[in-house]
Structures are given as structure tokens and as C-alpha cells.
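Student: This is the structure I have questions about; it appears just below.
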Amino acid sequence: MLIDKRRLAGISAALLVASGAVALTSGTANAADCGYLFDDFHYASSSDTTLTGHGWTPRSYSGGPGIPGATWSPNSISFPTANGDKVMQLTGSTDGAGAGTNQAELYSTQKRFLDGTYASRIKFSDAPVSGPDGDHVNETFFTISPLNGDLDPTYSELDFSEYLPNGGWGETGPINYQTSWYTYQNEPWYADNVHSEERQSFDGWHDLVIQVANGHIVYYIDGVQVGDHSGKFYPRQTMTINWNLWFIDTAAHSGGLSTYAEQVDWVLFAKNQVLSPAQATAQAAAYRTGGNAFTDTVISTGGCTTTPPPTTGPTTGPPTTQPTTPPPATDCSNAPEWNISSVYTGGSVVKHEKSRNGDPNGPASGQGKHLWRAKYWTQGSEPGWTDQWQDLGHC
């Protein structure tokens with residue numbers, strides 16, 4: 001479904017924020033280590049050189065989303081101790097005016113995350129740390145790529161959670177969104193996405209786990225599946241990992257200075273692997289009990305391109321049986337036509353004329369059919385528009 005122009009402020013971040021091969025497996029790192037990122041956020045401050053050395057950037061530039069004229073300051077990010085361990089804290093405050101509003105964001109410096117399992121333990125807050133309550137504040141965890149022009153067909157954004165304790169965008173709170181994006185344009189406003197929502201309080205600590213695999217984005221909160229998005233909304237390029245806290249508007253501000261906080265205990269990314277919520281949190285716990293506050297093997301570890309996908313999936317996740325794969329092919333004379341519903345394993349060959357705008361149901365590009373080879377297990381990714389396919393030339 002579409003989310004209307006109330007989402008404009010949240011999505012303008014795509015223009016500003018963003019500066020593997022897949023044969024996905026189920027199991028822990030002991031079964032198949034395809035590369036991991038783990039960070040326990042043991043830093044002194046937002047100016048700690050180790051923070052930037054580990055690939056994180058505290059936002060300092062102006063612009064959306066949020067209240068026009070608001071400041072994005074690295075000083076709005078701190079690393080206090082909570083429950084006996086360091087956490088990353090995003091702090092936002094507003095006095096009802098743009099010049100008196102501060103917002104916070106931390107994002108990965110490099111755009112290098114795509115298929116796999118994402119997890120983070122986050123403390124959402126219903127009430128402000130100080131000052132009057134009721135502001136339309138947005139507490140988030142998401143991945144995003146740049147928008148390269150209106151209706152960019154390769155644009156990718158996954159909002160793992162946008163928590164609005166006091167509502168916003170015309171909704172009353174508390175409400176939490178998971179939104180998977182295909183594309184959008186600013187003027188005239190048009191958004192092409194699908195979302196799930198929970199109309200309940202998420203005040204306190206929660207484990208968010210997201211499986212991006214096999215053509216599905218499956219969202220979990222505390223082990224409970226809250227969304228399963230697929231089709232064209234599956235991401236088509238690598239993204240950055242981000243958290244931010246910002247104000248949708250000042251319509252509900254009642255006076256004085258109000259300050260809100262969102263805390264992040266840890267983050268985990270398992271490249272090209274499908275981890276259950278229990279496996280993801282167990283892997284994070286294993287790093288912590290082993291005294292490993294940071295690890296990053298996302299680039300240095302192989303892509304696991306030769307490991308076949310599981311024949312069965314999680315009971316609440318992707319389909320438990322795999323559709324029949326197309327027959328082997330070697331050239332345009334015997335290659336089948338690409339089908340958006342078919343499953344292709346690494347090495348599968350198809351022929352297809354890419355669409356003009358990245359929509360397989362839309363007009364063709366006029367470039368004629370090409371021969372394409374799947375780099376790894378894939379479903380629903382159009383040859384010519386996604387990294388899953390290698391172009392073997394014109395038919």
C-alpha cells in the first residue's frame with residue numbers, strides 16, 4: 001500500500017543520509033560464517049576516533065527529515081551505562097521552534113549491507129526525559145540507499161521500526177511501523193511502499209530481528225513476526241545501517257523544552273544468512289560473553305556463494321518449500337524466459353529484456369533480450385536492475 005505525503009519528512013532523509021553475493025543459509029556462525037558485523041557500542045563519546053574507525057558517522061549536516069531549521073549534532077549522541085553496560089543514546093529536544101530543535105542520527109559510513117539478518121536491541125521511550133510530553137517524535141532503526149532521481153527503480157529502504165509514541169502523520173499513538181520501499185518522488189508526491197503496523201506501546205527494551213532473504217523481508221519484534229514483505233519491495237542495492245530520533249512536526253508541542261531519548265544496546269548483521277530471532281540474539285550474547293565488543297568481517301569473509309539455500313524455512317518466515325527451479329541452459333537458444341515468481345540458484349541462465357523503469361510489469365527498455373546468469377540464489381529480482389544477475393550479452 002501507499003503511505004501518503006505525511007511520510008515526506010521521513011523519506012527526505014534518503015537524499016542525505018547514504019553516503020554480497022547470496023546463497024542464504026540457516027544457522028549460527030559456527031555452521032556458516034559468511035561475514036558478521038557486531039558492535040556493543042563501547043565508546044567514550046561521539047568524537048571518539050574508534051567510533052568513526054569502526055565505520056560509524058554521527059550526523060552533523062542539516063536537512064530533513066524533521067522540523068525545518070533543526071540541528072543535527074554529533075553531541076546529541078552519547079554512550080552512557082545502562083544495566084551495567086555501555087549503550088548508544090540518541091537524544092532529541094525541541095522548544096517548538098526549528099532553531100530550538102535538536103535531532104540525532106548515527107549511520108554506517110559505507111553503503112554495504114544487503115541480504116542477511118539484521119538485529120538490534122533498542123529501548124524505545126514513551127515519555128520524555130524531561131519537559132512536557134506529547135510531541136510527535138520518531139524513534140527509528142532502518143537501512144537506506146540514495147534516491148538517484150524521482151522514481152529511482154533501484155532505490156532501497158527498509159524501516160525496521162519507526163516508533164511514534166505520541167503519534168504523528170495524522171495517526172494517534174503509540175504506533176510502530178515497518179515499511180519496505182520500492183521508490184518515491186517528491187513533487188508531485190508519490191510513494192510506492194508497503195507497511196505493517198502495531199498499535200501498542202513499545203516503551204522499554206526490545207529485540208528487533210529482520211531477515212532479508214529469498215525474496216522476503218521478515219520483521220520480528222521480541223521473537224514475534226510482525227511483517228513479511230516481498231515482491232518488488234525487496235531491496236535492490238546495498239544500504240547503510242541507521243538509527244535516528246527526530247520530530248515530525250511541532251503541532252503537539254505544549255511549551256517549554258522537551259527532551260526525548262532512544263537507546264541502542266548492540267547491533268548485529270549476519271551477511272547472507274537467515275538467523276532466527278533466537279539465533280541472532282544468541283550470537284550477540286556470544287560476542288559479549290566472549291569479551292568481543294566489536295567485530296566486522298562483512299567484507300573480508302567470503303560470500304558463501306556455493307552453499308545452497310535451506311530446503312525448509314522458519315515456520316513464520318519465507319515459504320517452507322522451494323518452487324521448482326528452471327532447467328539448465330547455456331545460451332539464448334535454450335534459455336528460458338525470466339519469471340518473477342521462479343526461484344533461481346547460482347549459475348541458472350535466463351533470457352530477458354530489462355524493463356525501462358525497473359518495474360517488471362511496466363514497459364520494456366527497448367534494449368532487446370540479454371542472456372543473464374544468476375550469481376546466487378534469487379527470486380523476484382529482475383535481471384538488469386539488481387546485483388543478483390550477471391549480464392552475458394545481447395541475444
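The values are calculated or read from the model by the stated rules, or taken from the named source; none is laboratory data. Since the structure is predicted, the reported quantities are computational estimates derived from the model, not experimental observations. For neighbour counting, all protein chains shown are included, and Cβ atoms are generated from backbone atoms with ideal geometry for every residue, glycine included. Surface areas here come from the heavy atoms of the whole protein model, side chains and all, with no ligands, DNA or RNA. Shrake-Rupley method; radii C 1.70, N 1.55, O 1.52, S 1.80 Å.
Student: For the structure I just gave you, tell me whether F113 is open to solvent by less than 10 Å² (accessible area, probe 1.4 Å) and farther than 22 Å from A191 by Cβ.
Tutor: Values: open to solvent by less than 10 Å² (accessible area, probe 1.4 Å): yes; farther than 22 Å from A191 by Cβ: yes.
It is true that F113 is open to solvent by less than 10 Å² (accessible area, probe 1.4 Å) and farther than 22 Å from A191 by Cβ.
Student: (1) at pLDDT 95 or above; (2) open to solvent by 20 Å² or more (accessible area, probe 1.4 Å): which one isn't true of F79, the others all being true?
Tutor: Unmet condition: (2).
Student: Given the options N339, N361, N357, N334, name the one that is assigned to a loop (DSSP other than H, G, I, E, B) and within 20 Å of N214 (Cβ to Cβ). Walk me through it before giving the result.
Tutor: Values: N361 fails: within 20 Å of N214 (Cβ to Cβ); N357 fails: within 20 Å of N214 (Cβ to Cβ); N334 fails: within 20 Å of N214 (Cβ to Cβ).
None of the others qualify; the one that does is N339.
Student: Would region 236-247 turn up any residue that is of a type outside the set (K, R), closer than 30 Å to G384 by Cα and open to solvent by 30 Å² or more (accessible area, probe 1.4 Å)?
Tutor: Scanning region 236-247, I find at least one residue that is of a type outside the set (K, R), closer than 30 Å to G384 by Cα and open to solvent by 30 Å² or more (accessible area, probe 1.4 Å), so the answer is yes.
Student: Then there's this: How many of the residues making up region 345-395 are over 24 Å from the mean Cα position of the chain (by Cα), surrounded by 22 or more Cβ atoms within 10 Å (Cβ to Cβ) and among the hydroxyl-bearing types (S, T, Y)?
Tutor: Total meeting the criteria: 1.
Student: Only residues that are in a strand (DSSP E or B), out of contact with any His (no Cβ under 9 Å at 6 or more places or on another chain) and of a type in the set (A, V, I, L, M, F, W, C): list them for region 182-203, please.
Tutor: A191
Student: If you don't mind, there's one more thing I want to ask. So E139 fits all but one of (1) closer than 27 Å to T386 by Cα; (2) surrounded by 24 or more Cβ atoms within 10 Å (Cβ to Cβ); what number is the exception?
Tutor: (1)
Student: Could I ask something else about it? State which residue pairs qualify: first residue of a type in the set (S, T, N, Q) and assigned to a loop (DSSP other than H, G, I, E, B) and inside region 204-226, second residue at pLDDT 95 or above and open to solvent by less than 20 Å² (accessible area, probe 1.4 Å) in any location, beta carbons under 9 Å apart, and separation of 6 or more residues or different chains.
Tutor: That search, which allows pairs on different chains as well, returns N214/D115; N214/V274.
Student: Could you run through region 224-278 and say how many residues are more than 18 Å from the chain's Cα centre (by Cα) and at positive phi?
Tutor: 2
Student: Specify which of the listed residues (L147, L151) is open to solvent by 10 Å² or more (accessible area, probe 1.4 Å) and in contact with a helix residue (DSSP H, G or I) (Cβ under 7 Å, 6 or more places away or on another chain).
Tutor: On the way: L151 fails: in contact with a helix residue (DSSP H, G or I) (Cβ under 7 Å, 6 or more places away or on another chain).
The match here is L147.
Student: Related question: Please state which one of N166, N138 is touching a strand residue (DSSP E or B) at 6+ places or on another chain (Cβ under 8 Å) and not in a loop (DSSP other than H, G, I, E, B). Can you show your working first?
Tutor: On the way: N166 fails: not in a loop (DSSP other than H, G, I, E, B).
Among N166, N138, only N138 is touching a strand residue (DSSP E or B) at 6+ places or on another chain (Cβ under 8 Å) and not in a loop (DSSP other than H, G, I, E, B).
Student: Restricting the first residue to region 229-253 and requiring it to be within 17 Å of G170 (Cβ to Cβ), which pairs with a second residue that is among the aliphatic types (A, V, I, L, M) and in a strand (DSSP E or B) meet a Cβ separation below 8 Å and a spacing of at least six or different chains?
Tutor: F247/V137; I248/V137; I248/L164
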